[in-house]
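Have a look at the structure below before the remarks.
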Amino acid sequence: MKSYSIALIPGDGIGRDVTEAAWQVLSTVARHSGFTLAGTPFPWSCAFYKETGQMMPADGIETLRRFDAILLGAVGWPAEVPDSVSLHGLLLPIRKAFVQYANIRPHRLLPGVEGPLKARNFDILCIRENTEGEYSGAGGRVHQGTADEVAVETSIFTRAGVERILRFGFERARARRGKLASVTKSNAQKYSMVFWDEITQKLASEYADVEVTSYHIDAMAARMVMAPESLDVVVASNLFGDILTDLGAAIQGGLGFAASANINPDRAAPSMFEPVHGSAPDIARLGIANPIAAIWSGALMLEHLGETRAAQTLMGALEKATARGIGTVGGKDRTEAITAAVLAALD
Ligand code: NAD
Ligand code: IPM
Ligand code: MN
């Protein structure tokens with residue numbers, strides 16, 4: 001029987017609850033579909049940091065490299081470990097080391113889910129650059145703590161990096177409704193963002209079948225609220241994509257619904273699947289985290305592994321559960337009840 005090795009990193013806070021839920025659903029789908037998911041759990045988290053002084057062991061990346069995929073919950077427990085330490089010690093190094101340059105985040109309403117908008121018929125695929133740009137980590141501070149202090153953080157945009165993410169976006173647009181929105185702020189940022197716009201234009205001539213529009217990030221934020229149906233594939237830089245996808249989550253009913261896939265399109269290293277949301281310290285330990293984003297991320301993982309039928313089965317069960325009203329009514333359903341409803345819909 002075919003078997004896939006999956007590294008499980010539940011992380012912190014509700015990351016643990018939602019990963020547990022997603023794993024239950026994924027294991028069941030695999031059993032029904034005739035393959036095995038062999039999960040290896042890793043305790044890497046802020047609690048692990050408190051014990052060991054590291055978010056993951058020094059050979060953590062090499063350990064993860066041999067897996068077929070990584071399923072992650074959420075990282076961060078700011079009350080005890082600064083986010084600048086925890087995220088730069090675990091999540092962000094994985095994205096960069098494994099060249100997971102495409103972060104794919106679908107935004108649409110599942111059946112039965114009431115979003116905050118009148119618009120219901122939107123289906124947006126956000127594609128976020130995931131390894132450079134504003135998240136390059138180039139910078140420093142001098143004269144720290146004095147009145148003369150200076151902090152610099154430089155965005156780095158490379159031709160190779162911008163071209164590959166845009167190309168990825170064009171290919172996805174071609175496979176969907178043929179529309180690509182490229183998001184920048186080239187009216188204010190005259191080097192990196194003009195560079196991005198130019199590369200968009202250059203590629204547009206290669207993809208004559210794709211309708212390309214460039215938007216400024218501010219206008220795109222408004223468009224996602226006012227006219228989300230007008231959008232198909234949206235490509236943005238690391239930081240812009242981060243912000244737009246919490247907005248995307250909001251219009252699809254909340255952070256508990258937004259899934260994501262950190263993809264290495266060349267398959268030279270494992271890809272990582274995780275919800276868009278974080279560890280939600282405000283609701284951790286209450287048993288009320290919505291696991292739908294994590295479960296949906298699991299479906300994206302199955303798709304990436306080539307188990308397309310199983311991914312469709314999983315999404316079908318998820319949609320059946322939400323159509324029945326589970327997980328959608330004012331956040332009243334508990335994590336366990338939502339998970340049970342999805343499992344029941346699988347039978
Ligand atoms: P967050 O996404 O954790 O929470 C934002 C709000 O959404 C909170 O009110 C929370 O209760 C709610 N929420 C989030 N997920 C939910 C779910 N599944 N069900 C119901 N409600 C949900 O963002 P934050 O509060 O800014 O960050 C908390 C911590 O998580 C920080 O340490 C942050 O750095 C980290 N973080 C990690 C990731 C990640 O690992 N990918 C992503 C975002 C934030
Ligand atoms: C996300 C998160 C991360 C990001 C944080 C936790 C570093 O917000 O995955 O959207 O900004 O990429
Ligand atoms: Mn984010």
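The values are calculated or read from the model by the stated rules, or taken from the named source; none is laboratory data. The shown structure was predicted, so the numbers you read here are calculated from the model rather than taken from an experiment. Glycine also receives a Cβ, built like all others from the backbone with ideal geometry; neighbour counts cover every protein chain displayed.
Points worth noting:
- The sole residue among Val75, Val142, Val81, Val99 that is at pLDDT 95 or above, aliphatic (A, V, I, L, M) and not assigned by TED's automatic domain parsing to the domain that holds Asp282 is Val142.
- Lone unmet requirement of (1) closer than 15 Å to Glu274 by Cβ; (2) over 18 Å from the mean Cα position of the chain (by Cα); (3) within 16 Å of ligand 3 (Cβ to nearest atom) for Phe42: (3)
- Criterion: under 30 Å from Ser230 (Cα atoms), in contact with a Lys or Arg (Cβ under 9 Å, 6 or more places away or on another chain) and of a type outside the set (Ser, Thr, Tyr) - qualifying residue of Arg176, Arg105, Arg164, Arg172: Arg105
- Sub-7 Å Cβ pairs linking a first residue in the stretch 141-158 that is farther than 30 Å from Trp196 by Cα and in contact (Cβ under 8 Å) with a residue 12 or more places away in the chain to a second residue that is among the basic types (Lys, Arg) and surrounded by fewer than 10 Cβ atoms within 10 Å (Cβ to Cβ), at least 6 apart or interchain, number zero.
- The stretch 260-309, residues that are among the β-branched types (Val, Ile, Thr) and either within 7 Å of ligand 1 (Cβ to nearest atom) or touching a residue at least 40 places away in the same chain (Cβ under 8 Å) (or both): Ile263, Val276, Ile283, Ile288, Ile292, Ile295
- Taken as a whole, the condition of being surrounded by fewer than 17 Cβ atoms within 10 Å (Cβ to Cβ) and at pLDDT 95 or above does not apply to Ile104.
- Filtered residue count, the stretch 24-57, keeping only those that are out of contact with any helix residue (DSSP H, G or I) (no Cβ under 8 Å at 6 or more places or on another chain) and either assigned to a helix (DSSP H, G or I) or outside the structural domain of Ser86 (by TED's automatic domain parsing) (or both): 7
- Qualifying residue in the stretch 230-241 (condition: in a helix (DSSP H, G or I), away from ligand 3 (no atom under 14 Å from the Cβ), at pLDDT 95 or above and not aromatic (Phe, Trp, Tyr)): yes
- Checking Glu80 against (1) farther than 30 Å from Ala227 by Cα; (2) touching a strand residue (DSSP E or B) at 6+ places or on another chain (Cβ under 8 Å); (3) within 15 Å of ligand 1 (Cβ to nearest atom), the condition it does not meet: (2)
- Here the condition is being of a type in the set (Val, Ile, Thr) and within 30 Å of Ala321 (Cα to Cα); of Ile61, Ile14, Ile94, it holds for Ile14 alone.
- The single condition among (1) under 23 Å from Gly254 (Cβ atoms); (2) of a type outside the set (Val, Ile, Thr); (3) outside any helix (DSSP H, G or I) that Leu300 does not satisfy is (3).
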